[in-house]
Each structure stands twice: as C-alpha cells, then as structure tokens.
Amino acid sequence: MAGVEALKKAFRDGEDIHTLTASQVFGVPLDQVTPDIRRQAKAVNFGIIYGISGWGLAKQLGIDAGTANEFIKRYLTKFKEIQDFMEARKDEARANLYVKTLYGRKCFTPNINNKMQGLKLGAERAAINAPLQGTAADIMKIAMAAMPPALAKAGLKARMLLQVHDELIFEVPEGEAEKTAVLVKDVMENAFKFPGINFDVPLDAEAGTGLSWAAAH
C-alpha cells in the first residue's frame, strides 16, 4: 500500500520479508542475517504500522531507547515510501476526520486534531494502522462471503466454523479434506479481486488439516 518497490519485489520473489528488511536496514548480506537480527527487523516491520516509539521498541527488544530510535530512523530512511505513506494518512485524517481502506470503508479518527497530545498521537497511530488492518479485514470478509457458494458449486460438504484473524476454520468430511483445502486456498488467495482494486503482490494462503485446530498447524 505504500508502494515500496524493494518490498513488493521480495513478496513476488517469495523472499522472507523480515530477512530482507534486516539486510536492507542493518547492511548485512542476506546469507549473513542471523535469527537475532531477523527478530529485530521483524519487530520494526510490525511496530512501524502501529506507530511504535523508540521507547516501545526498546522495551520489546530489550535494548536501549537510543539504539531503538536509530533502528526506526534507518528503516524510514531506507524505505522512504513508508514515511510518505504514514504522513499522507495523517494528513487525510486531519482533513476528513477519517481514513479509508483500499475498498473505501471509512475508519473514523475524531481525535486527530485534539489539543490533548495523548489523544492526538493515538489518533495519528490509528490513521496509519486502520487502512492497513482495515484492508486486511475487508479482504477476509470478502473471502468469507465467497466461500459458501464456492463450496456449494464444487459439491463439497465443508462448513465454515470460525474466523481467527487471518485464518478460517472448517469442519470437513475426511474424504473431502484435500479437495476442500485446494478450493479454500484458491478462494482466499483471490478474494482481493474487486472492481477497481489492483494488487501487484501475491496474497499467499496456506492450508492445513487435522483432527483439531492445533493439529492443522
């Protein structure tokens, strides 16, 4: 959504996004990225979209705030498009008192111009995060709506039981497990296709089966 070419290419090439980020931000060759460096990059990757502070990242990684701030600074310097995206969302919220998901759903930010700094900063973080997580939620709901007719058309008896974040759980006759997994994976990976919406990165889904949710993982 921020249009970062290096990250989009990584998704298209099937690269590990956290390893790539670690390599780009910390200046380490891909084959020399250690699990600890990858963990730090992963924390920055996810933290950025929540508007994480240097103090918050420092606490999460067990490092000092100065080092954490430097991590964030390097990240935003390397991926300038992300900084631009975040500023654009805050400007959008200040002008409209809401931001939109890719599918046009409004996420309201009534405190974006509040004089109380705590409320204002919270609204700024929401303005950055809501279009991202909101778009992910939209895609999941589109997939869920498409699932029953797709199963019925294929003559499969699976029942969709539950949504958990970015997962869907089904009850499936044992003999239909393999066919159902293929169909569900296809529906979820293509749910984003909507009039006027174009993604230039793949949305990959994984399917697992088992006698319990835990076993299916």
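The values are calculated or read from the model by the stated rules, or taken from the named source; none is laboratory data. These numbers were taken from a predicted model, which means no experiment stands behind them. Because the Cβ atoms are built from the backbone with ideal geometry, glycine has one as well, and the counts that use them run over all protein chains shown.
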Exercise. If you check every pair at least six apart or on different chains, which have Cβ atoms under 7 Å apart with a residue in segment 35-49 that is within 15 Å of Glu15 (Cβ to Cβ) and assigned by TED's automatic domain parsing to the domain that holds Phe71 first and a residue that is of a type in the set (Ser, Thr, Tyr) and at pLDDT below 90 second?
Worked result: Ala41/Thr21; Asn45/Thr21
Exercise. Can you find a residue in segment 103-115 that is assigned to a helix (DSSP H, G or I) and not aromatic (Phe, Trp, Tyr)?
Worked result: no
Exercise. So how many residues does segment 4-43 have that are of a type in the set (Val, Ile, Thr) and in contact with a Leu (Cβ under 7 Å, 6 or more places away or on another chain)?
Worked result: 2
Exercise. Going through segment 97-110 one residue at a time, which ones are surrounded by 14 or more Cβ atoms within 10 Å (Cβ to Cβ) and either over 26 Å from Asn198 (Cβ atoms) or in contact with a strand residue (DSSP E or B) (Cβ under 9 Å, 6 or more places away or on another chain) (or both)?
Worked result: Leu97, Tyr98, Val99, Lys100, Thr101, Leu102, Tyr103, Cys107, Phe108, Thr109
For this session: Would you please list the contacts, defined by Cβ atoms under 6 Å and residues six or more apart or on different chains, that run from a residue in segment 124-147 that is in the same structural domain as Phe194 (by TED's automatic domain parsing) and touching a residue at least 24 places away in the same chain (Cβ under 8 Å) to a residue that is in a helix (DSSP H, G or I) and among the hydrophobic types (A, V, I, L, M, F, W, C)?
Result: Ala143/Val187; Ala143/Met188; Ala146/Val187; Met147/Val187
For this session: Can you tell me which residue among Leu57, Leu119 is touching a helix residue (DSSP H, G or I) at 6+ places or on another chain (Cβ under 7 Å), without any contact (Cβ under 8 Å) to a residue 60 or more places away in the chain and more than 24 Å from Phe199 (Cβ to Cβ)?
Result: Leu57
For this session: Specify which of the listed residues (Val182, Val172, Val187, Val164) is surrounded by fewer than 10 Cβ atoms within 10 Å (Cβ to Cβ), outside the structural domain of Gly14 (by TED's automatic domain parsing) and either under 15 Å from Met140 (Cα atoms) or modelled with pLDDT of 95 or more (or both).
Result: Val164
For this session: Kindly list, by first and then second residue, each pair from a residue in segment 79-98 that is farther than 17 Å from Leu119 by Cα and at pLDDT below 95 to a residue that is in a helix (DSSP H, G or I) and among the polar types (S, T, N, Q), limited to pairs with Cβ atoms under 9 Å and residues at least 6 apart or on different chains.
Result: Phe79/Thr21; Phe79/Gln24; Gln83/Thr77
Exercise. Looking at Lys8, Lys90, which is the one that is in contact with a helix residue (DSSP H, G or I) (Cβ under 6 Å, 6 or more places away or on another chain) and of a type in the set (Lys, Arg)?
Worked result: Lys90
